[in-house]
Each structure stands twice: as C-alpha cells, then as structure tokens.
Amino acid sequence: MTTVAASKPAPWARLSWIVLVLAWIALLLPSLRVVAGVPLAVAGLVLALLAARAGRRTGLPPLVAAVLVSPLLYFMAAPGGAIAPRLIGDDATADAASPAGAAPAATSAPAPASTVGSPRLEDSARAFMTSITAVELASAYAYDKAEADRLYRDKGLLLTGMVADTGRDGSALTLAANDYPPVRAQGLKHEVVAGLRPEQQITLACRGAGATGNAAEVVDCSMQ
C-alpha cells in the first residue's frame, strides 16, 4: 500500500509539467497568448497543486514554476514587454498597438532638393534618356557628324560634364570636352547659369540639337 501511494504523485507532476510547458509556449505567441496560454497556465497550476497535495517532493517544483514563471512570461510577452519585440518583431508590436482597422501610414521618401528654376526629372523619365558625358558627345560630332546626329539629335540626353564657361552674366553655358570644342548648353535660366563656377561637375537633362560648326549643342536643358 505504501508503494502504491508513493507512486501516485508522479503522473500528476509529469502532467503538470507538460501542461505548463505548453502554456509557456502559448504565452509567447501573440495569437495564442490569451485564448490558450492563460487557460493552460491555470490548468498547469491546478495540476501542480494536485501533485503537491499528493506528494510534496514531486509536486513542489511544478507548483513553484506555475506561480513564478507563468505570470512572468505573461507580462514580458505582452505588447511593449521586454521580450515581445524579439519574438514577434517590431512590425507586429506596432500593429498590436494601432487601432483596429486603421490604415497604415504611407511612407514616402524625402523629395530631392531641386535647383531653383530647373526642376529635376523623375526616375521614370530618366530611364528613357541616354546618359553621356560632354567629352563623349563632342568626340562623336568631331569624328562623324552624321552618325552623331543619328544617335543624339532630338534625343533626350543626361549630359554630365565640367563647366568650362558661363558667359557674361550667365548668358551662355559650355561644358569642357578636353581636346574637342566645348559643348554648348542652352535653356537654363540666367540666374542658374550665373550660380555655376568653372570646373564644377554638373549633370543636365537636355535635348540633342546637333552641332554648329564643330561644337555640339544641346537645348531645353535643366539641372539635375
């Protein structure tokens, strides 16, 4: 009889540990925390009490764990708790804190600063333009004007180069082209051209306009 009575606490203790472990796992999951974690934690506590009542040696550890660990996990895994962001991520925490049905706030990239008098092109417009340097454009017209016209005349160009001259009071802008004639750029407002300095590296959105003499020209330019 004594042997049978001593063996009874073991099943209660083992069962309480199983229920408590399941409860702790559920407490760590936001979707199961209330609907499953709390009821399982209560059930584990009851089983631990039964195990402790039947036999202190095997029932006391799950009872202590149920009293201390379950509430600790409940509060630490709650939104804003110490371990909630690590378990469910910052996005899920933010969703839990936001009102139900609220639309997510739109996130927009900061707009690039535009140059006065020279609106910047959108990326979609840039995709249809040919990127070229002033040296490349000037050399193309120096070697074969007809072929250069075929490639660049009346085409959208993203022209990069170094300022050679801005003319008097910003009346004209030319880009250096090494040993070739400077490329003439037209269409910028005088105050924009006047604000540039020689040897400054710039990029222009322009339309190819062929060449006058040996000098390539671009028109309808804007700063980029």
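Just so it is clear, none of the values below were taken in a lab; they were calculated from the coordinates. These numbers were taken from a predicted model, which means no experiment stands behind them. Don't worry about glycine lacking a Cβ; one is built from the backbone with ideal geometry, like all the others, and counts go over all protein chains shown.
Some points to look at:
- Annotation: peptides 202-208, 126-132, ranked by per-residue average of other Cβ atoms within 10 Å with the highest first, follow the order 202-208, 126-132.
- Taking label points 7 Å from Cα along the Cα-to-Cβ direction, Lys145 and Glu199 give a separation of 3.3 nm.
- Once both labels are positioned 7 Å from their Cα atoms along Cα-to-Cβ, the gap between Asn214 and Asn178 label points is 1.5 nm.
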